[in-house]
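Encoded as structure tokens, the structure appears first; notes follow it.
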């Protein structure tokens, strides 16, 4: 049986805890698990231009090379 588990970005800031308590918690079921992981806390906001101030985000830096 395959299970899909989603881990939020804020949780990823404590990756050691995620590893111990989620990923390695049930070693008998370690195979057959798929993890969907959000960006680290705050990264998504940095990827977008700030809508209120018009401040440029990280995407603009990559787009311009």
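Bear in mind these aren't lab numbers, they're just calculated from the coordinates by the rules spelled out. Worth saying up front: this structure is predicted, and the values here are computed from it rather than measured. When we count neighbours, we look across all protein chains shown, and the Cβ atoms used for this are built from the backbone with ideal geometry, even at glycine.
Listing for the model above:
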read-out: Distance in nm between pseudo-label sites at residue 25 and residue 64 (7 Å out along the Cβ direction from Cα); value: 4.4 nm
read-out: More than 20 Å apart - percent of Cα-Cα pairs taken over the chain; value: 46 percent
read-out: Length gained when the stretch residue 36-residue 48 is fully extended (0.36 nm per residue, less Cα-Cα span); value: 2.2 nm
